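Comments concern the structure below.
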Amino acid sequence: MSEETPNSVTLEKDGNVAVVIVNNPPVNALSWHVREGLANHFAAALADDSVEAIVLRCDGSTFIAGADISEFGKAPRGPDFNAVLNSIEQATKPVVAAIHGTALGGGLETALVCHYRVAVPSAKLGVPEVKLGLLPGAGGTQRLPRVVGVEAAATMTSLGDPVPAPKAKDMGLVDALAGEDSLAADAIAFARTKIADGPRPTRERAVFGDVAIIEQLKTANAKRWRGFDAPYANLACVEAATRLPFDEGLAFERQEFTKLMFGSQSAAQRHIFFAERQAAKIDGLPKDTALRDVKKVGVIGAGTMGGGISMNFLQKGIPVTIVEMQQEALDRGVGVIRKNYEASAAKGRFKPEQVEAMMGILTPTLNIEDLADCDLIIEAVYENMDVKKEIFAKLDSIAKPGAILASNTSYLDVDEIATATSRPGDVLGMHFFSPANVMKLLEVVRGEKTAPDALATAMAIGKKIGKVAVVAGVCDGFIGNRMLKPRQVEAMNLLMEGATPQQIDKVHVDFGMPMGPFQMSDLAGVDIGWHRDPTRIESIRDALAAKGRWGQKTGKGFYDYDEKRNPTPSAEVAEIIEDFRQHSNKAKREISDQEIIERTLYPMVNEGALILTEGKAQRASDIDVVWIYGYGWPVYRGGPMFWAGLEGTDKIVAALEKHGFAVAPLLKEKAEAKSGF
Ligand code: 3H9
């Protein structure tokens with residue numbers, strides 16, 4: 001090994017058993033020096049005549065959690081992973097993997113070339129490569145069907161969900177469970193019992209199981225996998241294992257892996273893997289900033305948002321006091337929470353006693369003073385600055401010192417809300433997305449005076465309740481809704497020029513969004529933000545709202561809906577649009593799908609560039625995280641800012657200029673440098 005090589009793999013001996021130990025924090029990823037260390041120490045153990053069996057285990061919190069993703073796309077260094085694995089599999093002495101934490105991806109592939117696997121009950125084993133737009137490229141798709149059968153291999157590779165060790169034992173993936181605190185010793189003892197049996201190379205075992213599962217998985221997941229390449233490539237490799245000799249199957253797997261690895265989908269998905277983790281980091285804030293204790297949460301408003309927000313905390317065992325103005329609204333809100341939990345329990349997500357436990361730590365009240373002992377109070381009433389200021393002024397006199405006062409506003413000025421209090425340092429925005437108990441995004445809005453520890457606490461509590469939290473600055477609509485606005489405006493303009501709602505929506509759905517702008521309006525409510533005067537008709541939206549076309553909730557909006565909420569194009573809407581178009585003197589013309597992309601998606605990139613320049617997002621990848629987790633932007637396109645790089649910022653600028661948009665200077669800069677964000 002060269003002098004600067006980290007000492008990430010070591011070799012110990014316990015009598016006649018050699019123990020190869022990986023120590024590469026934080027997750028024992030298979031970095032080049034780990035591969036080198038494995039090759040060297042396995043060779044040494046095999047050459048040592050006093051060694052009769054070998055155990056592979058890891059120090060730290062986990063077994064090997066996969067290939068080192070940060071090495072992907074870089075010049076190769078160190079020994080080839082497949083060659084290292086082949087040499088372990090062909091070892092002439094039995095090799096036992098001792099698994100704790102997670103054996104994921106290349107980690108499980110390493111365990112699969114070991115002849116036996118021992119795991120602690122809390123361990124998890126899986127091949128999550130599909131979530132990175134990849135497939136297990138080191139023999140996983142060929143060895144798994146030989147160990148767990150085609151059905152389990154196809155399911156594990158295409159869905160990517162890890163399997164708990166006890167289940168893995170039932171599946172034959174784990175040979176024995178070890179004591180939670182005695183893995184090292186148990187694995188050595190197990191290895192000794194296998195000396196007489198000798199090695200059991202996985203490649204020599206026969207593939208078993210029914211290949212019909214592959215078509216069944218495709219049918220069952222057609223919606224979830226729409227647009228994704230990797231699930232299908234994983235299945236193709238497992239299918240290949242059923243008909244090709246091992247080495248040919250391996251070559252097929254390599255070819256498919258390489259295609260995915262150098263394709264844009266995996267690049268996008270790997271970008272999001274790191275972006276999501278990066279989003280948790282607050283620029284300029286020391287890592288050791290002390291957090292405030294959040295033991296009890298208050299929520300003001302028991303409507304859809306307030307109820308959904310409360311559920312997040314209850315599920316984590318954090319007591320919530322929920323406040324409403326009227327008993328009826330309070331009862332309704334609490335009833336909806338219970339109904340949601342019971343529906344989840346019916347699907348097996350919770351046990352009935354868990355539902356009762358969660359409801360047991362919810363305190364409904366009509367008295368806002370009951371929030372006095374809460375550490376975090378989230379206001380979730382309707383969007384009106386005066387109302388919000390009144391509530392925050394009240395909170396100022398009620399809340400205990402140090403309590404964080406958060407508004408769930410989706411666009412209002414958090415700094416102005418903070419002026420209603422004598423403690424603006426404790427005020428921030430916590431913008432949840434609807435349905436708040438389901439959607440993973442949380443925009444944490446940092447006010448001008450928000451204290452660093454209040455911000456850090458809000459980010460940490462977001463993570464605790466399972467959200468992906470992103471810091472946003474104060475501006476109209478923060479990151480997500482601010483970028484939504486130019487998209488919606490242009491979508492309406494396109495209607496006036498001859499496009500139909502269904503054409504525009506289809507372009508967005510084909511792009512990979514879960515729904516288009518008009519489907520989204522119908523879901524959210526066409527009447528949101530409407531002035532409520534049916535005689536004042538200044539826009540297509542006013543005309544729709546005046547006719548009771550409020551969206552799905554009234555059975556009609558931009559589309560007509562049947563009782564199952566299936567949409568069909570509406571003749572009435574077509575007439576309204578035509579009427580407006582004629583009055584606007586706009587000529588009707590054919591609008592191409594490409595123009596819809598250029599005028600609805602490119603302006604979002606432009607707005608994103610402005611957001612970055614104004615410092616309202618910490619980094620471009622945070623914007624991507626917002627759009628992936630808040631609006632369902634297809635993860636295989638990596639979010640709008642990453643996608644801008646794929647699309648070509650120069651192409652985007654040229655199109656925006658052609659359509660008469662004012663181009664953000666930062667976007668122009670990127671285009672001139674021919675770079676992405
Ligand atoms: C693969 O194996 C391909 C093979 O088939 C081979 C083909 C030839 N690499 O998530 P956390 C970093 S593909 C590099 O916050 P947790 C992560 O960025 C891989 N870095 O911790 C973070 O860094 P930072 C298949 C990695 O406890 C830190 O570790 N494997 C990797 O919540 C802590 O991460 C996977 O897809 C990596 N592989 O969760 C598993 N993994 O502190 C991916 C993590 O600087 N990893 N980091 O922000 C995971 O799912 C979770 O990290 C894990 C731990 C469950 C392991």
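The values are calculated or read from the model by the stated rules, or taken from the named source; none is laboratory data. Being a predicted model, the structure only gives us computed values, none of them experimental. Cβ placement follows ideal geometry from the backbone for every residue including glycine, while neighbour counts extend to all protein chains displayed. Side chains are part of the model used for accessible areas, which takes the heavy atoms of the whole protein and leaves out ligands, DNA and RNA. Shrake-Rupley method; radii C 1.70, N 1.55, O 1.52, S 1.80 Å.
Filtering the stretch 256-265 to residues that are more than 9 Å from the ligand (Cβ to nearest atom), surrounded by 16 or more Cβ atoms within 10 Å (Cβ to Cβ) and assigned to a helix (DSSP H, G or I) leaves GLU256, LEU260, SER264, GLN265. Of all the criteria given as (1) at negative phi; (2) in contact (Cβ under 8 Å) with a residue 40 or more places away in the chain, the one not satisfied by GLY512 is (1).
Within the stretch 309-343, being surrounded by fewer than 23 Cβ atoms within 10 Å (Cβ to Cβ) and not in a helix (DSSP H, G or I) holds for LYS316, GLY317, ILE318, PRO319, MET325, GLN326.
If we scan the stretch 154-177, do we find a residue that is of a type in the set (D, E, K, R), at pLDDT 95 or above and within 16 Å of the ligand (Cβ to nearest atom)? Yes, the stretch 154-177 has at least one match.
The rows are residues; the columns are (1) charged (D, E, K, R); (2) at pLDDT 95 or above; (3) touching a helix residue (DSSP H, G or I) at 6+ places or on another chain (Cβ under 6 Å); (4) farther than 30 Å from PHE228 by Cα.
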| site | (1), (2), (3), (4) |
| --- | --- |
| GLY249 | no, yes, yes, no |
| GLN255 | no, yes, no, no |
| SER266 | no, yes, yes, no |
| GLN269 | no, yes, yes, no |
| ASP283 | yes, no, no, yes |
| LEU291 | no, yes, yes, yes |
| GLY306 | no, yes, no, yes |
| ILE309 | no, yes, no, yes |
| ASN312 | no, yes, no, no |
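Quick check on my filter: what residues within the stretch 434-453 are farther than 18 Å from LEU314 by Cβ and open to solvent by 50 Å² or more (accessible area, probe 1.4 Å)? Hits for the stretch 434-453 are ARG446, GLU448, LYS449, PRO452.
To keep it simple, each residue is scored yes or no on (1) over 30 Å from PHE208 (Cα atoms); (2) in contact with a His (Cβ under 7 Å, 6 or more places away or on another chain); (3) surrounded by 18 or more Cβ atoms within 10 Å (Cβ to Cβ).
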site: ASP247; (1), (2), (3): no, no, no
site: LEU250; (1), (2), (3): no, no, yes
site: ARG254; (1), (2), (3): no, no, no
site: ALA267; (1), (2), (3): yes, no, yes
site: ARG270; (1), (2), (3): yes, no, yes
site: PRO286; (1), (2), (3): yes, no, no
site: THR289; (1), (2), (3): yes, no, no
site: VAL294; (1), (2), (3): yes, no, yes
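Per the conditions (1) buried (at least 23 other Cβ atoms within 10 Å of the Cβ); (2) in contact with a helix residue (DSSP H, G or I) (Cβ under 8 Å, 6 or more places away or on another chain), the sole criterion not satisfied by PRO352 is (1). For the stretch 22-40, what are the residues that are away from the ligand (no atom under 13 Å from the Cβ) and assigned to a loop (DSSP other than H, G, I, E, B)? Selection gives ASN23 alone. Assessment of the stretch 202-224 against the conditions (over 19 Å from THR110 (Cβ atoms), part of a helix (DSSP H, G or I), within 15 Å of the ligand (Cβ to nearest atom) and under 31 Å from the mean Cα position of the chain (by Cα)) yields no matching residue. The residues of the stretch 646-671 that are in contact with a helix residue (DSSP H, G or I) (Cβ under 9 Å, 6 or more places away or on another chain) and assigned to a loop (DSSP other than H, G, I, E, B), listed by number, are GLY648, HIS659, PHE661, ALA662, VAL663, ALA664. Restricting attention to the stretch 274-289 and to residues that are of a type in the set (D, E, K, R) and part of a helix (DSSP H, G or I), the residue that is nearest to the ligand (Cβ to nearest atom) turns out to be ARG277.
For the stretch 477-509, a tally of residues being of a type in the set (S, T, N, Q) and without any contact (Cβ under 8 Å) to a residue 60 or more places away in the chain returns 1.
When GLN594 is tested against the conditions (1) within 30 Å of THR304 (Cβ to Cβ); (2) open to solvent by 70 Å² or more (accessible area, probe 1.4 Å); (3) at pLDDT 95 or above, the lone failure is (1). Among residues of the stretch 89-108 that are within 15 Å of ILE188 (Cα to Cα) and assigned to a loop (DSSP other than H, G, I, E, B), those with a Cβ under 9 angstrom from a residue that is modelled with pLDDT of 95 or more and within 8 Å of the ligand (Cβ to nearest atom), sequence gap 6+ or separate chain, pair up as HIS100/SER61; HIS100/THR62.
Scanning the stretch 541-571 for residues that are open to solvent by 60 Å² or more (accessible area, probe 1.4 Å) and assigned to a strand (DSSP E or B) yields LYS556, PRO567, THR568, PRO569. Looking at the stretch 313-323, can you tell me whether even one residue there is of a type in the set (Ser, Thr, Tyr) and closer than 24 Å to LEU135 by Cα? Checked against the condition, which is being of a type in the set (Ser, Thr, Tyr) and closer than 24 Å to LEU135 by Cα, the stretch 313-323 yields no hits at all.
Yes or no, residue by residue, for (1) within 19 Å of ARG143 (Cα to Cα); (2) among the charged types (D, E, K, R):
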site: THR219; (1), (2): no, no
site: ALA222; (1), (2): no, no
site: TRP225; (1), (2): no, no
site: ASN234; (1), (2): yes, no
site: THR242; (1), (2): yes, no
site: LEU250; (1), (2): yes, no
site: GLN255; (1), (2): yes, no
site: LYS259; (1), (2): no, yes
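From the list TRP643, TRP633, pick out the single residue that is modelled with pLDDT of 95 or more and assigned to a loop (DSSP other than H, G, I, E, B). Only one candidate passes the filter, namely TRP633. Can you spot a residue in the stretch 6-16 that is within 15 Å of the ligand (Cβ to nearest atom), without any contact (Cβ under 8 Å) to a residue 40 or more places away in the chain and more than 29 Å from the chain's Cα centre (by Cα)? Yes: the stretch 6-16 contains one or more residues that are within 15 Å of the ligand (Cβ to nearest atom), without any contact (Cβ under 8 Å) to a residue 40 or more places away in the chain and more than 29 Å from the chain's Cα centre (by Cα). Pairing each residue of the stretch 615-644 that is within 25 Å of GLY447 (Cβ to Cβ) with any residue that is surrounded by fewer than 23 Cβ atoms within 10 Å (Cβ to Cβ) and of a type in the set (D, E, K, R), provided the two are 6+ apart or on different chains, yields C-beta distances under 7 Å for GLN618/ASP283; VAL625/GLU276; TYR629/LYS440.
Residues checked against (1) within 23 Å of PRO25 (Cβ to Cβ); (2) of a type in the set (Val, Ile, Thr); (3) open to solvent by 10 Å² or more (accessible area, probe 1.4 Å); (4) within 12 Å of the ligand (Cβ to nearest atom):
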residue: PHE42; (1), (2), (3), (4): yes, no, no, no
residue: LEU56; (1), (2), (3), (4): yes, no, no, no
residue: GLY66; (1), (2), (3), (4): yes, no, no, yes
residue: ASP80; (1), (2), (3), (4): no, no, yes, yes
residue: ALA83; (1), (2), (3), (4): no, no, yes, yes
residue: ILE88; (1), (2), (3), (4): yes, yes, no, no
residue: ILE99; (1), (2), (3), (4): yes, yes, no, no
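Taking the stated definitions as given, is VAL113 open to solvent by less than 10 Å² (accessible area, probe 1.4 Å) and within 19 Å of ALA184 (Cβ to Cβ)? No: the conditions fail for VAL113. Can you pull out every residue in the stretch 120-150 that is open to solvent by less than 10 Å² (accessible area, probe 1.4 Å) and more than 11 Å from the ligand (Cβ to nearest atom)? Matches in the stretch 120-150: VAL120, ALA123, LEU125, GLN142, ARG143, LEU144, PRO145, VAL147, GLY149, VAL150. Answer with yes or no whether PRO76 is at pLDDT below 95 and more than 25 Å from THR193 (Cβ to Cβ). Criteria met by PRO76. In the stretch 572-591, what residues are in contact with a helix residue (DSSP H, G or I) (Cβ under 7 Å, 6 or more places away or on another chain) and open to solvent by 80 Å² or more (accessible area, probe 1.4 Å)? Selection gives LYS586, LYS588, ARG589.
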